[in-house]
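Structure, as structure tokens:
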Amino acid sequence: MTNYLRALSFLTIIPLPFVTFGPDSRELSDSAVCFPLAGATIGVFMAAAAWALLHIFPPGPAAVAALVLSFYLTRGLHFDGLADTADGLIGTTGRDKAFKAMDDSAVGVMGAASLFFVYLLKYALLVEFSHAVLPFALLFMPLAGRWAIVYAGAWFAPARDRGLGDLFLRGLRWPVLLKASLSTALLLFVFAWWYAPLVIPVFIGCFMALAAAHLLSFYASRRLGGITGDILGASSELGEVFFLFGFYMALQYNSSAILQAKVVTCYVQGF
């Protein structure tokens, strides 16, 4: 429970004044075992908001409202990492120039473009889901993104030895990833018991999120000699996008899920 509350305190603006962190970031690294569960908690807020709005509006406004709520709940924590990663890895050549661009507080052209395109993709995918499926996509999307953070941090070494992000990275080891994955698997098992038709799309979406985080971190390691806190933030954002890609593609080939979703949609619209 302590690690879960610490994960929530770090990843969201939920007021938890009784939660503290030590100066060596050990508590933060330990709390990463609950990052996926904290992501699912964010997803609960997003899914609930979308479900309520879908009684009045089409999927477009509901999706935008959910993304705005996510930004507010997380303080846009991973926006900066995505922008800095794009400025460093796309907008420059050379290791030193990349670090300089990533340390610059100003957002460059590549960073701004990456934010625009990533969130345009999120919106474009979310509006394709039915009234019944959209809340489920929003529920698991943040979970996949936070799971991707733990995965990337456990697989790849830090590029530097400075700052909170690098201290956090050094504390992410395989036991942390294993515990985070087991807690996520337990959550998916409970979901499978409750609503089995969407389990395969969720699983494939999560796999795609982890694969995207791996590819980004692998490329960053080749360029920088390791990864940074910004890379972790970008892994979360890209993980969310690729979760939606995987979820959407799997849903198209899961006829039983589509059929049941249509039945639930009729119920929701008639409510």
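As a summary of the residue check, A86 satisfies the conditions (1) within 28 Å of L37 (Cβ to Cβ); (2) buried (at least 23 other Cβ atoms within 10 Å of the Cβ); (3) of a type outside the set (S, T, Y); (4) in contact with a Ser or Thr (Cβ under 6 Å, 6 or more places away or on another chain) except for the one numbered (1). For region 20-79, taking the residues that are among the charged types (D, E, K, R) and on the phi < 0 side of the Ramachandran plot, the one that is surrounded by the fewest Cβ atoms within 10 Å (Cβ to Cβ) is identified as D24. Of the listed requirements (1) modelled with pLDDT under 90; (2) surrounded by fewer than 18 Cβ atoms within 10 Å (Cβ to Cβ), H214 misses just one: (1). In the set (1) at pLDDT below 90; (2) within 21 Å of the chain's Cα centre (by Cα), the condition left unmet by G94 is number (2). For region 15-57, filtering for residues that are closer than 16 Å to L5 by Cβ and in a loop (DSSP other than H, G, I, E, B) leaves 8. Checking each residue in region 178-215 for being more than 26 Å from Y248 (Cα to Cα) and touching a helix residue (DSSP H, G or I) at 6+ places or on another chain (Cβ under 7 Å) picks out only K179.
Of the set (1) more than 23 Å from A144 (Cα to Cα); (2) not hydroxyl-bearing (S, T, Y); (3) not in a helix (DSSP H, G or I), all apply to G76 but (1). Screening L125 on (1) out of contact with any Asp or Glu (no Cβ under 9 Å at 6 or more places or on another chain); (2) in a helix (DSSP H, G or I); (3) over 25 Å from S181 (Cβ atoms) shows it passes everything except condition (3). Screening region 133-207 for helices (runs of 4 or more DSSP H) wholly inside it with 1 or more residues that are at pLDDT 90 or above, in contact with a Leu (Cβ under 7 Å, 6 or more places away or on another chain) and surrounded by 15 or more Cβ atoms within 10 Å (Cβ to Cβ) returns the ranges 134-155, 174-194.
The values are calculated or read from the model by the stated rules, or taken from the named source; none is laboratory data. The model shown is predicted, which means the values in this text are computed figures rather than measured ones. Here Cβ is always computed from backbone atoms with ideal geometry, including for glycine, and neighbour counts include all displayed protein chains.
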